[in-house]
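First comes the structure, then the notes that go with it.
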Amino acid sequence: MRELLLLRHAKSSWDAAGVRDHDRPLNARGERAAPRMGRLLVEQDLVPDLIVASTAVRARWTAELVAEACGVEGVAVCEDLYLAPPGTLVDVARRRGADARRLLIVAHNPGLEDLVAQFTGAHDAFPTAALAALQFDIESWDDLALMSVPVVRGLWRPKTLDD
């Protein structure tokens, strides 16, 4: 059994003129939402064994705040996660999941939203800092495929959570 947690980066800032998309930081709302999602992982007994994040500043920062809030040491970064489509997200889980029973990937839309829709058959909005928890009846991350059918443990959005 493996669990894949998919987290869209928290809300980023568009304030700084001339900043490349890859380098945009979190805004104040994002700085509040990311640790809240980390606390949710603890509350739902979903603390990951491994966190892998996109190299984008907003994704790395989100992952670091989540890791701190749920007590996970260290965040691995993966260049392939930056604006990755669903197939690449699955490939990263296969390559980087290793022995982790529960893997958290912090990345971007539209890839994450499309992947959740692919896995669940339902196309729900996946706003910033949204989290999907998917459980797969597989022995190894190598067995994960776009056609895998998970048990959906939950889908959370920060706006619907109490502080």
Two-site label geometry, MET1 and LYS159: point separation in nm, points 7 Å out along Cα→Cβ
3.3
Among ALA17, ALA122, ALA67, residue whose mean-square fluctuation peaks in a GNM of the chain (springs only between Cα atoms under 10 Å)
ALA17
State, to one decimal in nm, how far the label point of ASP114 lies from the label point of ALA145, with both points 7 Å from Cα in the Cβ direction.
2.0
Stretch gain in nm, segment GLU68-ARG101, where the contour uses 0.36 nm per residue and the Cα spacing is subtracted:
9.9 nm
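Before rounding to the nearest 500, sum -39500 (n - 2.57) across all DSSP H runs of length at least 4 in the chain and divide by the residue total; then give [θ] at 222 nm in deg cm²/dmol.
Calculated at 222 nm, the ellipticity per residue is -10000 deg cm²/dmol.
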Would you list LYS11, LYS159 from fewest to most Cβ contacts within 10 Å?
LYS159, LYS11
Contact order relative to length of the chain, as percent, for alpha carbon pairs under 8 angstrom and 6 or more apart
31
Which of ARG29, ARG60, ARG39 moves the most in a Gaussian network model of the chain with Cα springs under 10 Å?
ARG29
Could you check the simple spin-label distance between ASP124 and THR55, using points 7 Å along Cα→Cβ, in nm with one decimal?
3.3
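Taken together, the values in this text are just the output of simple stated rules run on the coordinates, not laboratory data. Just so it is clear, the model here is predicted, and its values are computed rather than measured. In this analysis, Cβ positions are derived from the backbone assuming ideal geometry, glycine residues included, and neighbour counts consider all displayed protein chains.
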